[in-house]
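Below is one structure, written out as structure tokens, with a few remarks after it.
The values are calculated or read from the model by the stated rules, or taken from the named source; none is laboratory data. Fair warning: this is a prediction, and the values are worked out from it, not measured in the lab. Here the Cβ positions follow ideal geometry from the backbone for every residue, glycine too, while neighbour counts run over all protein chains shown.
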Amino acid sequence: MQYIEAKSILSKLQGNDTMFGLTYNMNLYRGCQHGCIYCDTRSECYGVGDISQISVKKNAIELLVKEIKSKRLRGTIGTGSMNDPYMPVEKELEMTRKAMKVIADTRFPVHVITKSDLVLRDIDLLQEISKVYAAVSITITTADDILAKKLEPNASSTSARFKAIETLAKNGIYTGVTLMPLLPFINDTKENIRSIVEMASDAGASYIIPMLGVTLRKGSRDYLYQSFDKYFPEMRNRYEKMFGEQYICNNTNYNELRAEFLQTAGRLGMPGKMKFYTPQTGKQLSLF
């Protein structure tokens, strides 16, 4: 782990984010400890390099205080796109907690995306932010703890993530699941989708956002194939023959998976998209 100086901490998204409803991205760390074998952050286009080398942006909170006050557009701050804000090092450093305190004090909305039950530590701040808007999306790729350990070796177990969803929901936090990615021939089964949707519903999730495939670029593809050699020896050749250098690698049974998701989610009344932050508008007073 090392400490670095950041030039900025809030970056504005280009265009409308129709999946997560974000206006700004916030990354307090560079790199991630969860070691997910499919992580897109390893892609060479980002220039991050070895993402297991964690860089802590030591001036991040100072920058956040300054930048958030300068934002005329009040929009949702997202965290969790390039690394997990609740990876193990956060337990000691509390960078994310400090940032949540700034967000709560300035009454900005937030959307947290994580694979860690450490998010439960900050329920008090999330409840405060919820007076404006707070959402926590917990990524779940498989209902099987053993398979999850291979796909996301240092993240919280699937069962722990579902318990976190239940606790967040019971504490009034708008909580859902990001069901992504589904790796072809590994976790892309109708049974897996059905189990995740049913378990999410039982836990009190308010939505599930699915992505029925995986994205691969140079860097992330190389690491995935190395992981295949360790855990799934037959998969490298299968992917190379089927997908080549493709960026979007959809499942061969995509239509069946989509139908299963829609049927199960529909049966349980589970939305396939989340509600976004909507700025409150003042009511015009009557003259009478």
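With respect to the conditions (1) surrounded by fewer than 16 Cβ atoms within 10 Å (Cβ to Cβ); (2) outside any loop (DSSP other than H, G, I, E, B); (3) not aliphatic (A, V, I, L, M), GLU245 falls short on a single one, namely (2). Scanning segment 58-80 for residues that are closer than 11 Å to LEU28 by Cα and touching a strand residue (DSSP E or B) at 6+ places or on another chain (Cβ under 6 Å) yields LYS58, THR79, GLY80. With respect to THR18, is the statement that it is under 19 Å from the mean Cα position of the chain (by Cα), part of a loop (DSSP other than H, G, I, E, B) and within 20 Å of ALA135 (Cα to Cα) true? It is true that THR18 is under 19 Å from the mean Cα position of the chain (by Cα), part of a loop (DSSP other than H, G, I, E, B) and within 20 Å of ALA135 (Cα to Cα). Mind listing whichever residues of segment 231-242 are exposed (fewer than 12 other Cβ atoms within 10 Å of the Cβ) and modelled with pLDDT of 95 or more? Hits for segment 231-242 are ASN237, LYS241. Do we have GLY266 as closer than 25 Å to GLY78 by Cβ, at pLDDT 95 or above and of a type in the set (Gly, Ala, Ser) here? No; evaluated as a whole, the condition is false for this residue. For segment 92-112, residues that are within 18 Å of the chain's Cα centre (by Cα) and either surrounded by fewer than 19 Cβ atoms within 10 Å (Cβ to Cβ) or not hydroxyl-bearing (Ser, Thr, Tyr) (or both) total 8.
Would you confirm whether any residue within segment 267-280 is assigned to a loop (DSSP other than H, G, I, E, B) and among the polar types (S, T, N, Q)? Yes: segment 267-280 contains one or more residues that are assigned to a loop (DSSP other than H, G, I, E, B) and among the polar types (S, T, N, Q).
Here are THR18, THR23: which of them is surrounded by fewer than 19 Cβ atoms within 10 Å (Cβ to Cβ), among the hydroxyl-bearing types (Ser, Thr, Tyr) and closer than 17 Å to GLY78 by Cβ?
Details: THR23 fails: surrounded by fewer than 19 Cβ atoms within 10 Å (Cβ to Cβ).
Every option except THR18 fails the conditions.
If you go through segment 229-256 and pick out every residue that is farther than 21 Å from LYS190 by Cα, touching a helix residue (DSSP H, G or I) at 6+ places or on another chain (Cβ under 7 Å) and in contact (Cβ under 8 Å) with a residue 24 or more places away in the chain, you end up with 1. Between ARG217, ARG267, the distinction of being surrounded by 14 or more Cβ atoms within 10 Å (Cβ to Cβ), under 23 Å from MET19 (Cα atoms) and basic (Lys, Arg) belongs to ARG217 only.
Assess whether LEU73 counts as being over 22 Å from LYS131 (Cα atoms), surrounded by fewer than 17 Cβ atoms within 10 Å (Cβ to Cβ) and in contact with a Ser or Thr (Cβ under 8 Å, 6 or more places away or on another chain). When the stated conditions are applied, LEU73 does not pass them. Scanning segment 10-22 for residues that are over 24 Å from LEU179 (Cβ atoms) and at pLDDT 95 or above gives LEU10, SER11, LYS12. Look at segment 52-64: where a residue is in contact (Cβ under 8 Å) with a residue 24 or more places away in the chain and a partner is part of a loop (DSSP other than H, G, I, E, B) and polar (S, T, N, Q), sitting 6+ places away or on another chain with Cβ atoms under 8 Å, you get ILE54/GLN33; LYS57/ASN27; LEU63/SER8. Residues of segment 197-214 that are surrounded by 16 or more Cβ atoms within 10 Å (Cβ to Cβ) and among the charged types (D, E, K, R): GLU198 alone.
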